[in-house]
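Scroll down for the structure; my scribbles are underneath it.
The values are calculated or read from the model by the stated rules, or taken from the named source; none is laboratory data. What you see is a predicted model, and the numbers here were worked out from it, not measured in a lab. Cβ sites come from the backbone with ideal geometry, for glycine too, and all protein chains shown count toward neighbours. Keep in mind that these areas ignore ligands, DNA and RNA; they rest on the heavy atoms of the full protein, side chains included. Shrake-Rupley method; radii C 1.70, N 1.55, O 1.52, S 1.80 Å.
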Amino acid sequence: MGMSDTLQVTKGKDTVRSYRAVKDKSVPKSEQVLCQNRYFCPTCASYLWAHSEEWPEWIYPYASAIDTELPVPKQMTSIMLENAVEWADPRNIPGRDTGNEMFDEYPSYSLEQWHKDHSDI
């Protein structure tokens, strides 16, 4: 999650495409609600970032699309662990459970609140 006004597309900006998925296709078209804009590369279909009109100040980049050095977090938060495969479950990796938050589902606080509590925004 980042601040929208900090996004800089340095190459291929004119080729980026977007898509808005429907949250529930079982309801009539006149009642369907669209999700956030999902931006992707039309050549390889790589997901780049998402942006919602509901929260215009925020942008949600896909980690592999970031080419800027980022600080290493002092603490990690793992979510949806009830669905984790054994080999990727951080509770099974020595040292990963020290000082890190782990949740079987989602925590009670928002992603925005996590960033406010753990960074300089």
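Quick test for you: out of 42, 28, 56, pick the one residue that is farther than 26 Å from residue 110 by Cβ and in contact with a helix residue (DSSP H, G or I) (Cβ under 7 Å, 6 or more places away or on another chain).
Testing whether each residue is farther than 26 Å from residue 110 by Cβ and in contact with a helix residue (DSSP H, G or I) (Cβ under 7 Å, 6 or more places away or on another chain) leaves just 42.
Among the numbered conditions (1) modelled with pLDDT of 85 or more; (2) out of contact with any Pro (no Cβ under 6 Å at 6 or more places or on another chain); (3) open to solvent by less than 60 Å² (accessible area, probe 1.4 Å); (4) not in a loop (DSSP other than H, G, I, E, B), tell me where residue 18 comes up short.
Checking residue 18 against (1) modelled with pLDDT of 85 or more; (2) out of contact with any Pro (no Cβ under 6 Å at 6 or more places or on another chain); (3) open to solvent by less than 60 Å² (accessible area, probe 1.4 Å); (4) not in a loop (DSSP other than H, G, I, E, B), the one that fails is (3).
Given the residues 87, 114, which is the only one that is touching a strand residue (DSSP E or B) at 6+ places or on another chain (Cβ under 9 Å) and in a helix (DSSP H, G or I)?
Unique residue meeting the criteria: 114.
Table: residues versus (1) in a loop (DSSP other than H, G, I, E, B); (2) aromatic (Phe, Trp, Tyr); (3) more than 22 Å from residue 113 (Cβ to Cβ).
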site: 5; (1), (2), (3): no, no, no
site: 11; (1), (2), (3): yes, no, yes
site: 24; (1), (2), (3): yes, no, yes
site: 54; (1), (2), (3): yes, no, no
site: 64; (1), (2), (3): no, no, yes
site: 67; (1), (2), (3): yes, no, yes
site: 70; (1), (2), (3): yes, no, no
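Pull up the stretch 63-109, narrow it to residues that are open to solvent by 80 Å² or more (accessible area, probe 1.4 Å) and of a type in the set (Phe, Trp, Tyr), then point me to the one that is nearest to residue 3 (Cα to Cα).
For the stretch 63-109, the residue satisfying everything is 106.
Could you check how many residues of the stretch 24-60 are under 12 Å from the mean Cα position of the chain (by Cα), open to solvent by less than 50 Å² (accessible area, probe 1.4 Å) and within 21 Å of residue 12 (Cα to Cα)?
5
Can you tell me how many residues within the stretch 71-90 are within 15 Å of the chain's Cα centre (by Cα) and among the aliphatic types (A, V, I, L, M)?
3
Against the definition (hydroxyl-bearing (Ser, Thr, Tyr) and touching a residue at least 12 places away in the same chain (Cβ under 8 Å)), how does residue 46 come out, yes or no?
So residue 46 passes the test.
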